[in-house]
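S.K.: Sharing a structure with you now.
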Amino acid sequence: LVARAVADAVGLREQALRPLVEILADFLTGKQLLLILDSCERLLTGTADLVASLTAAVPGLRLLATSRQPL
């Protein structure tokens, strides 16, 4: 759900043979932006998994996540 919401927000669509996280990582690579994820406490596990995957796959990714609970 979290990856789909982020993809929708940046205008990406799912592809049949590629994981959505991979599509997001390719899109974010080389871009200078700050990805903001707000109210992450609603989907802690999904958000934590997405953040871990993206930070591992996208060198230099700047990401700000807000949550009332630790990710």
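The values are calculated or read from the model by the stated rules, or taken from the named source; none is laboratory data. Predicted model, so just to flag it, every value in this text is computed and none were measured. Methodologically, a virtual Cβ is constructed for each residue, glycine included, from the backbone with ideal geometry; neighbour enumeration extends over all protein chains shown.
S.K.: Going through THR55, THR45 one at a time, which residue ends up being under 11 Å from the mean Cα position of the chain (by Cα) and either of a type in the set (Ser, Thr, Tyr) or at pLDDT below 95 (or both)?
M.R.: Exactly one of THR55, THR45 is under 11 Å from the mean Cα position of the chain (by Cα) and either of a type in the set (Ser, Thr, Tyr) or at pLDDT below 95 (or both), namely THR55.
S.K.: Within the range 48-71, can you find the residues that are of a type in the set (Val, Ile, Thr) and under 17 Å from GLU22 (Cα atoms)?
M.R.: Across the range 48-71, the qualifying residues are VAL51, THR55, VAL58.
S.K.: How about the range 31-54: which of its residues are in a helix (DSSP H, G or I), surrounded by 14 or more Cβ atoms within 10 Å (Cβ to Cβ) and not acidic (Asp, Glu)?
M.R.: Hits for the range 31-54 are CYS40, LEU43, LEU44, GLY46, THR47, ALA48, LEU50, VAL51, SER53, LEU54.
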